[in-house]
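The values are calculated or read from the model by the stated rules, or taken from the named source; none is laboratory data. None of the values given here were measured: they were computed from a predicted structure. Quick reminder, even Gly has a Cβ in these numbers, built from the backbone with ideal geometry, and neighbours come from all protein chains shown.
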Amino acid sequence: MKLYHAPKAVNPERVTMFLRAKGKLDAVEIEEISIMKGEHKQDDYRQISPFSQVPALVLDDGTALTESRAICEYIECLFPEPNLLGETAKERAQIMMWDRRIELMWMLPFAFWFRNSHEMMAPLENPQVPEQAAKSEKAVKSFAKRLNDHLATTDFIAADRFSIADITAFATCGFCGVMGWRPHVDHEHIGAWRERMKGVGFAG
């Protein structure tokens, strides 16, 4: 298998962290794609990923998968242990619920904040919309407070165990640094959770 990966981008990092948590990072060949250089929009890459998305996983039979969650689902089926998506119906639902919350209420609005306000992104997000950036910044910081309250009562994001929800949150937390914002510094329980996640070993 071959994984097309963009260093420091949150969704590609999510997949490599998932593989690392499985102990299977060496099961794939990795090729880096530069988003800043526009390599994800070149014709040869669009043959693999028609919507110019990174990451993309090309299977041995030539099938190409995009969408980081779909890639993680495939990896989970291929390498079922350690389980990261939930074993029981209840666990799977709880983990999916929190993973989606983090995607939609933290990762995605943070991307809007970043793309619409950081000077580095001006060539890719033209025109930038300051109103969108301000609205998104408010949304992500509001969600961080709610997540911090949640983590005051549990060691993990979902189902009382380490899962993809923790991986998605950890990747997003790291991504926040590009805007000079460190939710793990601003929020006590997010900070304690982040230190626990380092102990799990998937973060390197």
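In table form, for the structure just shown:
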| quantity | calculated |
| --- | --- |
| Among the candidates A144, A134, residue that is part of a helix (DSSP H, G or I) and over 20 Å from R194 (Cα atoms) | A134 |
| Helices (runs of 4 or more DSSP H) fully within the range 1-90 counting 2 or more residues that are acidic (D, E) | 43-46, 68-78 |
| Cβ pairs under 8 Å, 6+ apart, first in the range 58-79 and closer than 15 Å to P12 by Cα, second basic (K, R) | V58/K2; S68/R14; C72/R14; I75/K22; I75/K24 |
| Hits in the range 24-76 - residues which are modelled with pLDDT under 95 and under 29 Å from V200 (Cβ atoms) | I35 |
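Yes/no per residue for (1) loosely packed, with under 14 Cβ neighbours inside 10 Å; (2) in contact with a helix residue (DSSP H, G or I) (Cβ under 9 Å, 6 or more places away or on another chain); (3) over 25 Å from M96 (Cα atoms):
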{"site": "N116", "(1), (2), (3)": "no, yes, yes"}
{"site": "P123", "(1), (2), (3)": "yes, no, yes"}
{"site": "R146", "(1), (2), (3)": "yes, yes, no"}
{"site": "T153", "(1), (2), (3)": "yes, yes, no"}
{"site": "A165", "(1), (2), (3)": "no, yes, no"}
{"site": "F170", "(1), (2), (3)": "no, yes, no"}
{"site": "C176", "(1), (2), (3)": "no, yes, no"}
{"site": "R194", "(1), (2), (3)": "no, yes, no"}
{"site": "G199", "(1), (2), (3)": "yes, no, no"}
